[in-house]
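J.: After the structure tokens below, expect a handful of questions from me.
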Amino acid sequence: MKAPIITVIDREFALQAQIDIYTSFLLNRKWQSVGDWQLVLPASAQGADKLKKGNIILLGADGHRSGYIESTVTDENESGVVLTVSGKTLQGLASQRITLPDNDKFNYGYDNVPKLTSNEINSAPIAAETVLKSYVRRHMTEPDDPKRRFTALETAKDLKRGAKTLWSSRLEALSDVLRDICEYCDIGWEIYADIKRKRLVFDIAEGVDRSYGQSENSRVIFSRSFDNILSSSYTSSFEGYRNLAYAGGAGEGADRTVLKITAEDSEPEDWERREIFLDLGSLGVVETDTAMSLSDEALHKMKEYVRIETLTASIAETKSFEYLEKWDLGDKVTVVNKAAGVRLNTRITEVSERYESGSCGVDVTFGAPKAELGRVIRSIRGTPK
């Protein structure tokens, strides 16, 4: 890998500087949440004076590897003056807004997608992309209060991609809500810079299936046998695993509906049985065309309690598996760890790019990052804050 030129622009997309001399640069990209970055360089380096809070940095011409400046630290010692600049990827803009609730009589003081327009308990589930872009329009691009709007940001056309769901939120960081929806529906999101149009764009990041079992796209297999992994670490944990749920639906006390739900082929028993109670008090038992059933939502919530399989690896750059050319963040690939005896078809959920004096590298997290597991999926009627 070659250390990239870092382009600096202001919020109006006017070019400020192009920096090609620096001590180190680290970029952490995340498929479903907010990434971060850090740049260390001599304060005397050309363009260093343009690294000011609020300016935008770009790697490459497509604007998808980009971020904005949040912090600058100046250190002075006998070797000279060193500047450390850091910030978030453009997804971090979503962390600057919260989900303000609706106060009408149908939405119970919650920010629901879809909005409830009658006394029905739940609306019909809609595509994850529609849910995500509805929240972004409400709180970033087309809010009721114009002072909440990001004037340079727009939402891309809604193609109604992803699994169907419905969502409820109240006074939460918008970035957390978007992350939770994406984890629930196995989809990604991003905010990127459209340089030609001088706009920031929110859109879905689906990723490409490049795993061994498919034939539509070129396959990407990471393995020591192919000399494209320098080192790897595999984690398998049953700590939070649950395989049988008692799902509580509508009603109270002895009149409350409670169903026994499992995703296994047969009901687990003895040591293999791991029980949990799921409070789904707003849901009925029978499936309809306009609402999720109690059993359906219970099976969805059971996805939060699966066995954790996470594999991190330091990637060796090869022409046949070149980063950004052959694979990218969000792609589904096949990873082999012979020592652990596993072969996983899994998502690339995080990519860390490292550029330092004399060395460059890419570290990858496959599967769900351990620090971001176990998100709680709330029913439409949650507990008010």
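J.: Which is among the small types (Gly, Ala, Ser) and closer than 22 Å to Thr334 by Cβ, of Ser169, Ser175, Ser215? Even if it seems obvious, please write down each step before you answer.
T.: On the way: Ser169 fails: closer than 22 Å to Thr334 by Cβ; Ser175 fails: closer than 22 Å to Thr334 by Cβ.
From the options Ser169, Ser175, Ser215, the qualifying one is Ser215.
J.: For Glu183, indicate whether it is at pLDDT below 95, assigned to a helix (DSSP H, G or I), of a type in the set (Asp, Glu) and out of contact with any Ser or Thr (no Cβ under 8 Å at 6 or more places or on another chain).
T.: When the stated conditions are applied, Glu183 passes them.
J.: Just need a number here: residues in the range 22-37 that are surrounded by 20 or more Cβ atoms within 10 Å (Cβ to Cβ) and of a type in the set (Ser, Thr, Tyr).
T.: The total comes to 2.
J.: (1) open to solvent by less than 40 Å² (accessible area, probe 1.4 Å); (2) touching a helix residue (DSSP H, G or I) at 6+ places or on another chain (Cβ under 8 Å); (3) modelled with pLDDT of 95 or more: which one isn't true of Pro114, the others all being true?
T.: (3)
J.: Please enumerate the residues belonging to the range 139-178 that are open to solvent by 30 Å² or more (accessible area, probe 1.4 Å), in contact with a helix residue (DSSP H, G or I) (Cβ under 9 Å, 6 or more places away or on another chain) and part of a helix (DSSP H, G or I).
T.: Of everything in the range 139-178, those that are open to solvent by 30 Å² or more (accessible area, probe 1.4 Å), in contact with a helix residue (DSSP H, G or I) (Cβ under 9 Å, 6 or more places away or on another chain) and part of a helix (DSSP H, G or I) turn out to be Arg148, Asp176.
J.: Is there a residue being open to solvent by 80 Å² or more (accessible area, probe 1.4 Å) and either touching a Leu at 6+ places or on another chain (Cβ under 7 Å) or within 30 Å of Asp158 (Cα to Cα) (or both) anywhere in the range 301-315?
T.: Scanning the range 301-315, I find at least one residue that is open to solvent by 80 Å² or more (accessible area, probe 1.4 Å) and either touching a Leu at 6+ places or on another chain (Cβ under 7 Å) or within 30 Å of Asp158 (Cα to Cα) (or both), so the answer is yes.
J.: Which members of the range 117-133 meet the condition of being of a type in the set (Ser, Thr, Tyr) and at pLDDT 95 or above?
T.: Residues of the range 117-133 that are of a type in the set (Ser, Thr, Tyr), as a first pass: 117-118, 123, 130.
Hit for the range 117-133 is Thr130, nothing else.
J.: If Gly382 meets every condition in (1) under 20 Å from Leu280 (Cβ atoms); (2) part of a loop (DSSP other than H, G, I, E, B); (3) modelled with pLDDT of 75 or more; (4) not aromatic (Phe, Trp, Tyr) apart from one, which number is that one?
T.: If we test Gly382 against (1) under 20 Å from Leu280 (Cβ atoms); (2) part of a loop (DSSP other than H, G, I, E, B); (3) modelled with pLDDT of 75 or more; (4) not aromatic (Phe, Trp, Tyr), just (3) comes out false.
J.: Would you please list the contacts, defined by Cβ atoms under 7 Å and residues six or more apart or on different chains, that run from a residue in the range 301-327 that is over 14 Å from Ile348 (Cβ atoms) to a residue that is of a type in the set (Phe, Trp, Tyr) and open to solvent by less than 70 Å² (accessible area, probe 1.4 Å)?
T.: As it stands, the answer is Tyr305/Tyr241; Val306/Tyr241; Arg307/Tyr241; Glu317/Tyr323, since those pairs meet every condition given.
J.: If I filter the range 57-73 for residues that are open to solvent by 60 Å² or more (accessible area, probe 1.4 Å), of a type in the set (Val, Ile, Thr) and part of a strand (DSSP E or B), do I get at least one hit? Break it down into steps so the answer makes sense when it comes.
T.: Filtering the range 57-73 for residues open to solvent by 60 Å² or more (accessible area, probe 1.4 Å) gives 61-62, 64, 70, 72-73.
Now restrict to residues that are of a type in the set (Val, Ile, Thr): 72-73.
Retained after the next criterion (residues that are part of a strand (DSSP E or B)): 72-73.
Yes.
Condition check ((1) touching a His at 6+ places or on another chain (Cβ under 6 Å); (2) assigned to a helix (DSSP H, G or I); (3) modelled with pLDDT under 75; (4) within 18 Å of Gly207 (Cβ to Cβ)) across all residues:
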{"residue": "Met292", "(1), (2), (3), (4)": "no, no, yes, no"}
{"residue": "Ser295", "(1), (2), (3), (4)": "no, yes, no, no"}
{"residue": "Leu299", "(1), (2), (3), (4)": "no, yes, no, no"}
{"residue": "Glu304", "(1), (2), (3), (4)": "no, yes, no, no"}
{"residue": "Ser314", "(1), (2), (3), (4)": "no, no, no, no"}
{"residue": "Leu329", "(1), (2), (3), (4)": "no, no, no, yes"}
{"residue": "Val333", "(1), (2), (3), (4)": "no, no, no, yes"}
{"residue": "Val336", "(1), (2), (3), (4)": "no, no, no, no"}
{"residue": "Ala339", "(1), (2), (3), (4)": "no, no, no, no"}
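J.: Could I ask something else about it? Can you tell me which condition Arg375 does not meet? The list is (1) at pLDDT 80 or above; (2) in contact with a helix residue (DSSP H, G or I) (Cβ under 9 Å, 6 or more places away or on another chain); (3) basic (Lys, Arg), and all the others hold.
T.: That leaves (1) as the condition not met.
J.: Working carefully through the options Ser123, Ser134, Ser169, find the one that is in contact (Cβ under 8 Å) with a residue 40 or more places away in the chain and either under 22 Å from Gly188 (Cβ atoms) or among the aliphatic types (A, V, I, L, M) (or both).
T.: On the way: Ser123 fails: either under 22 Å from Gly188 (Cβ atoms) or among the aliphatic types (A, V, I, L, M) (or both); Ser134 fails: in contact (Cβ under 8 Å) with a residue 40 or more places away in the chain.
Just a single option satisfies the conditions, and that option is Ser169.
J.: Filter the range 280-290 for residues that are open to solvent by less than 40 Å² (accessible area, probe 1.4 Å) and among the hydrophobic types (A, V, I, L, M, F, W, C); which is modelled with the lowest pLDDT?
T.: Of everything passing the filter in the range 280-290, Leu283 is modelled with the lowest pLDDT.
J.: Can you list residue pairs whose Cβ atoms sit under 7 Å apart, with the first residue in the range 6-18 being at negative phi and the second being of a type in the set (Asp, Glu) and part of a loop (DSSP other than H, G, I, E, B)? Count only pairs 6 or more apart in sequence or on different chains.
T.: Qualifying pairs under 7 Å: Gln16/Asp10.
J.: All but one of (1) among the aromatic types (Phe, Trp, Tyr); (2) under 15 Å from Ser169 (Cα atoms); (3) open to solvent by 20 Å² or more (accessible area, probe 1.4 Å); (4) at pLDDT 95 or above hold for Phe106; which doesn't?
T.: Every condition holds for Phe106 apart from (4).
J.: So which residues in the range 186-198 are farther than 20 Å from Gly67 by Cβ and either in a helix (DSSP H, G or I) or open to solvent by less than 20 Å² (accessible area, probe 1.4 Å) (or both), if there are any at all? Can you show your working first?
T.: First pass over the range 186-198, keeping only residues farther than 20 Å from Gly67 by Cβ: 186-187.
Matches in the range 186-198: Ile187 only.
J.: Residues of the range 316-327 being part of a strand (DSSP E or B) and out of contact with any helix residue (DSSP H, G or I) (no Cβ under 7 Å at 6 or more places or on another chain), which ones? Before the answer, list the steps.
T.: Of all residues in the range 316-327, those part of a strand (DSSP E or B) come to 323, 327.
Within the range 316-327, Tyr323 is the sole residue that qualifies.
Here is a yes/no grid of residues against (1) of a type outside the set (Asp, Glu); (2) more than 15 Å from the chain's Cα centre (by Cα); (3) farther than 23 Å from Pro114 by Cβ:
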{"residue": "Asp144", "(1), (2), (3)": "no, yes, no"}
{"residue": "Lys147", "(1), (2), (3)": "yes, yes, yes"}
{"residue": "Thr151", "(1), (2), (3)": "yes, yes, yes"}
{"residue": "Asp158", "(1), (2), (3)": "no, yes, no"}
{"residue": "Cys185", "(1), (2), (3)": "yes, no, no"}
{"residue": "Arg219", "(1), (2), (3)": "yes, yes, yes"}
{"residue": "Phe222", "(1), (2), (3)": "yes, yes, yes"}
{"residue": "Tyr234", "(1), (2), (3)": "yes, yes, yes"}
{"residue": "Gly240", "(1), (2), (3)": "yes, yes, yes"}
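The values are calculated or read from the model by the stated rules, or taken from the named source; none is laboratory data. A quick note: this is a predicted structure, and the numbers were derived from the prediction, not measured. Because the Cβ atoms are built from the backbone with ideal geometry, glycine has one as well, and the counts that use them run over all protein chains shown. The protein model used for the area step is the full one, side chains on, heavy atoms only, and it has no ligands, DNA or RNA in it. Shrake-Rupley method; radii C 1.70, N 1.55, O 1.52, S 1.80 Å.
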